[in-house]
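Nothing in this text is a laboratory measurement; each read-out follows from the coordinates by a stated rule. Worth saying up front: this structure is predicted, and the values here are computed from it rather than measured. Cβ atoms come from the backbone with ideal geometry, glycine included; neighbour counts cover every protein chain shown.
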Amino acid sequence: MDDSLRPGEVPQSEELRGVLRLRHALSERFPADREELSPTARDVSLTFLEQIEAARRVTLPYDVITLATLRVPMLMRAVGLQVAELGDVVRDCAGDFDPPNGWVAVASFGKDAMRKDVPFAARGHDTLLAVSKTASRSGDPSVRTLDAPGPSTLDKLSKVLRERLAKRYATSERWLDALAAAGSDTRDECIVRIVDDHPPPPGPAVRVVHPKFGEGTIVRELEDDKLEIAFDTVGTKTLQRRFVREPSHG
């Protein structure tokens with residue numbers, strides 16, 4: 001099965017859709033937190049994702065890409081995922097340790113950041129979020145949360161998100177109302193798209209001929225109707241377009 005990243009809309013697992021619907025329900029019932037529950041981005045660079053995967057030697061699940069791209073502040077607090085840190089995880093409090101063999105850290109976050117008494121700006125970095133290097137693109141990915149070297153908690157990403165959102169909101173009766181509303185919601189309003197920003201492939205080589213320098217290939221077009229031309233015998237020169245013509249063979 002081809003797991004290559006492609007431009008276009010990013011698929012989401014049904015479990016992540018449920019979390020995003022819960023996010024929406026919470027934003028309606030907790031207006032003071034609306035800004036922290038709203039997406040701040042929806043597009044991500046294909047080239048950048050390919051670079052991250054090559055550098056980290058990991059297949060990023062679609063749900064991980066979605067959460068990192070959306071940059072919902074409250075969900076960033078919950079699991080730390082954001083595009084800017086996918087390839088260079090901040091680990092100032094977590095210390096210098098690595099996940100178990102076969103796993104790679106893709107985010108870091110504060111273990112207590114979802115508590116009501118912790119200021120929103122104090123996100124902290126004392127826990128790593130890791131995904132398997134053999135993870136598939138689709139489905140609710142398994143993740144590990146690590147506070148130190150050695151054994152770590154293994155859970156589904158959606159479960160980690162829900163548990164941490166509950167830590168923040170379950171003290172209010174509106175939490176149960178939000179859960180009920182999210183359960184009957186069918187919208188998909190957090191759409192993420194991968195943007196193909198690869199440079200366009202070069203067009204066919206254009207050959208020209210000059211009365212003195214002979215035949216050559218146009219390298220690029222410059223201002224003032226000038227051409228940079230790589231001639232077969234005398235190297236590269238810059239000339240006005242009017243001094244060259246198409247070669248005639250036959």
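Relative contact order, percent, of the chain when contacts are C-alpha pairs under 8 Å separated by at least 6 residues? The normalised contact order for the chain reaches 21 percent.
Placing +1 on each Lys and Arg Cβ and -1 on each Asp and Glu Cβ, with no other charges, gives segment 8-195 a dipole about its Cα centre of roughly 180 debye.
Entry note: the chain has Rg to Rh equal to 1.22, where both radii use alpha-carbon atoms and Rh is the Kirkwood radius. For the residues 130, 181, 113, a GNM of the chain with alpha-carbon springs under 10 Å puts the largest fluctuation on 181.
Between 85, 28, 215, the GNM of the chain built on Cα springs shorter than 10 angstrom shows 215 fluctuating the most. Placing unit charges on the Cβ atoms only, positive for Lys and Arg and negative for Asp and Glu, gives segment 11-99 a dipole magnitude near 300 debye about its Cα centre.
Ranking 142, 204, 58 by how far each Cα lies toward the positive end of the dipole of the chain (charges on Cβ) leaves 142 at the top.
Among 207, 91, 17, the residue with the largest mean-square fluctuation in a Gaussian network model of the chain, with springs joining Cα atoms closer than 10 Å, is 207.
This ranking places 86, 146 by how few other beta-carbon atoms lie within 10 Å of each, fewest first, which gives 146, 86.
The ranking of 229, 52 from fewest to most other beta carbons within 10 Å of each one's beta carbon is 52, 229. Annotation: amide H-H contacts under 5 Å for residue 138 (H modelled 1.01 Å from N, sequence separation of 5 or more, or interchain): 62.
Applying the Karplus relation 6.51 cos²θ - 1.76 cosθ + 1.60 with θ = phi - 60° to segment 219-230 yields 3J(HN,Hα) values of 7, 6, 9, 10, 5, 6, 6, 9, 10, 9, 10, 8 Hz, where x marks Gly and Pro.
For residue 237, a cut-off of 20 angstrom between C-alpha atoms picks up these lysines, skipping any fewer than 8 places away in its own chain: 212, 226. Along segment 46-53 the Karplus relation, 6.51 cos²θ - 1.76 cosθ + 1.60 evaluated at θ = phi - 60°, assigns HN-Hα couplings of 5, 4, 5, 4, 4, 5, 4, 4 Hz to successive residues, with x for each Gly and Pro. Measuring between their Cα centroids, segment 1-25 and segment 205-248 lie 50 Å from each other. Proximity of backbone amide H atoms, modeled 1.01 Å from N, is registered between residue 45 and 195 at under 5 Å, excluding neighbours fewer than 5 places apart on the same chain. Under 5 Å between amide hydrogens, built in the peptide plane, is the criterion, and for residue 127 it picks out 109, 111 among residues at least 5 positions away or on other chains. Here the Karplus relation 6.51 cos²θ - 1.76 cosθ + 1.60, evaluated at θ = phi - 60°, turns the backbone of segment 189-203 into coupling constants of 9, 10, 8, 10, 10, 8, 9, 6, 10, 5, x, x, x, x, x Hz, with x for every Gly and Pro.
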